[in-house]
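S.K.: Attaching a single structure in structure tokens format; questions to follow.
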Amino acid sequence: MRVRIELFYIVLGLVAAVIMTRAAAWAYPLARAEIWWCGAAAMVATVVMGIGPLHRARIADRMARRHSEQ
């Protein structure tokens, strides 16, 4: 369950980054390429920062499953 929540947060962060990047690229079309590069960097950072919590959630789920089996 915790893993699904963390994945939801990662996807939510990616959706937010895409929306903000699109809005910025629309608002300032002269820098569209640079804005998309920055948006892509933000999306990569979102995924990288989500790896740690996702890993911890996976461990917590595994421990909870083992505890409930005993």
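S.K.: For segment 37-70, run through the trypsin sites (Lys or Arg not before Pro) and keep only the ones in DSSP coil with at most 12 other Cβ atoms within 10 Å of their Cβ.
M.R.: Hits after loop and neighbour filter: nothing returned.
S.K.: In a Gaussian network model over the chain where Cα atoms closer than 10 Å are linked, find which of Leu30, Leu12, Leu54 has the largest mean-square fluctuation.
M.R.: Maximum fluctuation in the GNM of the chain, among the listed residues, is at Leu30.
S.K.: Probe radius 1.4 Å, ligands and nucleic acids ignored: give me the carbon and sulfur share of the accessible area of segment 1-68 as a rounded percent.
M.R.: So the carbon and sulfur contribution to the accessible surface is 72 percent.
S.K.: Note down the net charge around Leu54, summing +1 for each Lys or Arg and -1 for each Asp or Glu among other residues with Cβ under 12 Å from its Cβ.
M.R.: +2
S.K.: Something else about it: Counting only heavy atoms of protein chains, what accessible area per residue, in Å², does the chain have with a probe of 1.4 Å?
M.R.: Solvent-accessible surface per residue comes out at 81 Å².
S.K.: Using Rg and Dmax of the Cα atoms in Å as the read-out, say which of [x] 16.0, 53; [y] 11.5, 36; [z] 17.0, 62 was calculated from these coordinates.
M.R.: This structure yields the entry labelled [z].
S.K.: Where does each of Met43, Met1, Met63 land when they are ordered by accessible area, with a 1.4 Å probe and the largest first?
M.R.: Met1, Met63, Met43
The values are calculated or read from the model by the stated rules, or taken from the named source; none is laboratory data. Not measured: the values here are computed from a predicted model. Backbone-built Cβ (ideal geometry, glycine too); neighbour counts: all protein chains shown. These accessible areas exclude ligands, DNA and RNA; they are computed on the full protein's heavy atoms, side chains included. Shrake-Rupley method; radii C 1.70, N 1.55, O 1.52, S 1.80 Å.
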